[in-house]
Amino acid sequence: EGLFARIRASRADATTTARKTLEQQDGTEPPDIDPITDQGTVKVEASSSAALEGRGAPPGGEGAPGDAGEGQRPTSEPEGTGTDQEFFRRRDAVTSRLESSLARKLKRALQDEQNSLLDRLRNLKAPAAPANILPNAEEHPDRFVEAGRPLLEEAARAGADLVASLWGGTAHPDLTRDGVEDLAEELGKAIAEPLRQRLELAFQSVDEDNGELADALGAAYREWKTQRIEAVAHDEVAAAFSRGSYLAFASGTPLRWVADASDAPCPDCEDNALAGEQVKAEPWPTGQLYPPAHPGCRCALAPDGPTGHRPVRRAGGTRPAPAAA
């Protein structure tokens, strides 16, 4: 109590000194500051505004540095054209909903599989082993493939629709030929293979105690439901949306690789962006025809270069053209 009393007294003295200094310099009413929290409300009057302008306002009187006043460019202005940013904004609104829906469906599928395994374990008469508890290795991904396929198809159609609405193109592409079946199978394997390895390790770590084995199996499923499933859903929905977007562009369309301003910079994606415009079906430096270039990638393809920085085609490669003076 004595220590806090001294701290309060010290802050009160410092506050009083600061108030007197402000009064002497500006002749204005100082801010009301709570000596305990160092917070308060600043009362700004015409005289104090004039004093501030005389002491440190930037030339031209447009406001403090960093303010987006008239004639100034905001410091946080995103890169790319306005249409690019509109694409990212509308894409994220769609994919965030689909990712949440997919994650919920996959969690239910994991819970159903866990319940099935525990039922087998409770009714088992022989010693527990992966062969008589776990699903067949080849069929293990099927549950997750079936859960994910409809939402991945929806994501692909949404990507095509967005490109068609912003830049023109083919809405509702033929998903029977260029579908998402491979993405659905990739989703199933991305869950089933590492999960199965974890489940098999659980059998090895328990010595014929079905109660401990049930706990170990439950821990493996709990890890996937609480820590890992969202990342898988995020990547696969992004891949399906990007595929639909790519399919909507007409054959021969010059495209740019555009990084999402909210994404951390990636050397691979930067290489693709520096390649400038490339015609549809021409591989990017990283080898992909369209994003994503890596797990977590949120890049996109867009036609036309940003104003004053139009990429141009050059022999032996492409690089952005310099902005006009």
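Every number here is computed from the coordinates shown, using simple stated rules; none is lab data. It should be emphasised that the depicted structure is a prediction, and the values quoted were computed from it without experimental measurement. Cβ: placed from backbone, ideal geometry, glycine included. Neighbour counts: every protein chain shown.
At a glance:
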{"quantity": "FRET E, pair D119, Q204, Förster distance 22 Å, beta-carbon r, rounded to 0.05", "calculated": "0.50"}
{"quantity": "Two-site FRET efficiency, E138 against R89, from Cβ-Cβ distance with R₀ of 51 Å, rounded to 0.05", "calculated": "0.75"}
{"quantity": "Sequence ranges 147-153, 275-281, ranked by mean other-Cβ count within 10 angstrom, highest first", "calculated": "147-153, 275-281"}
{"quantity": "Segments 212-220, 130-138, 292-300 sorted - mean Cβ within 10 Å per residue, highest first", "calculated": "292-300, 212-220, 130-138"}
{"quantity": "Residues of type lysines that K105 reaches as a straight line, Cα spacing below 25 Å, ignoring anything fewer than 8 places off in the same chain", "calculated": "K189, K225"}
{"quantity": "Dipole magnitude (debye, nearest 20) for region 196-310, charges at Cβ of Lys, Arg, Asp, Glu", "calculated": "640 debye"}
